[in-house]
Amino acid sequence: MEKHVLGLTLPTDPRWVNIAEKSIHEILIDHAYCEQKAASSCISLIIQYPEMERLVETLTPIVAEEWSHFERVMDELKKREMPFGMPRKDEYVERLQKIIKKGGSRKDQLVERLLMNALIEARSCERFRLLWKEISDADLSKFYYELMVSEAGHYKMFLSLAKEYKNPDWVESRWRELLKEEAEIVATLEVRADRMH
């Protein structure tokens, strides 16, 4: 699950996992909301593009999977007697939304959203890998390994869907552009102890 396998052009700052481990309660809260948002994003696409049969068919099981991950994160909080908290501003996603092209046809808008979801999934998977490999809590390490394996194919699935609705060569070119811009976002974000991204 190396970064190049995920397509990312910039690895996460190695300091992130060290400070994340010291604030694991905050990370788990933020992670729970990330899983909620992942499920909500797929539901939103299904609602907005019901005529896209392949899209609906592909995303329906993903909704259930992401929600089950939310439930699993909530179980980890409960196990540690850590209370759930309020959602936080996700600067990473907010900045990604600014690099997504607006306008064009419905299909153009769909493809941009699919590519944004692919970016978020790839980065999340990379962070799960770091938590799996680096944190000393054996139970949480195993938990993040399982989630990493489960989510590893999601970014490829979003890319594959994008190529069904737009020329694959165009999608590949746009994906490379977005990877470069995502790396610039990650490079300039503050390394936070209370954020999954």
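Is it the case that region 62-69 has a residue that's more than 27 Å from E182 (Cα to Cα) and free of Cβ contacts under 8 Å to residues at least 60 places away in the same chain? Checked against the condition, which is being more than 27 Å from E182 (Cα to Cα) and free of Cβ contacts under 8 Å to residues at least 60 places away in the same chain, region 62-69 yields at least one hit. If the requirement is being in contact with a Phe, Trp or Tyr (Cβ under 7 Å, 6 or more places away or on another chain), of a type outside the set (D, E) and surrounded by 14 or more Cβ atoms within 10 Å (Cβ to Cβ), which of these qualifies: L179, L159? Step by step, each of L179, L159 is checked, and only L159 is in contact with a Phe, Trp or Tyr (Cβ under 7 Å, 6 or more places away or on another chain), of a type outside the set (D, E) and surrounded by 14 or more Cβ atoms within 10 Å (Cβ to Cβ).
Would you pick out the residues in region 26-53 that are of a type in the set (D, E, K, R) and under 13 Å from M196 (Cα atoms)? Result: E26, D30, E35, K37.
Only a single item in (1) surrounded by 18 or more Cβ atoms within 10 Å (Cβ to Cβ); (2) in contact with a Phe, Trp or Tyr (Cβ under 8 Å, 6 or more places away or on another chain); (3) closer than 18 Å to L59 by Cα is not met by H154, and it is number (2). Within region 18-29, residues that are more than 11 Å from P87 (Cα to Cα) have Cβ atoms under 9 Å from residues that are at pLDDT below 90 and basic (K, R) in these pairs: I19/R192; A20/R192; A20/R195; S23/R192; I27/R195, counting only partners at least 6 apart in sequence or on another chain.
Within region 110-123, does at least one residue satisfy the condition of being hydrophobic (A, V, I, L, M, F, W, C), over 16 Å from the mean Cα position of the chain (by Cα) and modelled with pLDDT under 95? Scanning region 110-123 turns up no residue that is hydrophobic (A, V, I, L, M, F, W, C), over 16 Å from the mean Cα position of the chain (by Cα) and modelled with pLDDT under 95. Tallying residues that are closer than 30 Å to L77 by Cα and of a type outside the set (S, T, Y) within region 140-181 yields 14.
The values are calculated or read from the model by the stated rules, or taken from the named source; none is laboratory data. Predicted model, so just to flag it, every value in this text is computed and none were measured. All Cβ positions, glycine included, derive from the backbone under ideal geometry; neighbour counts span all protein chains shown.
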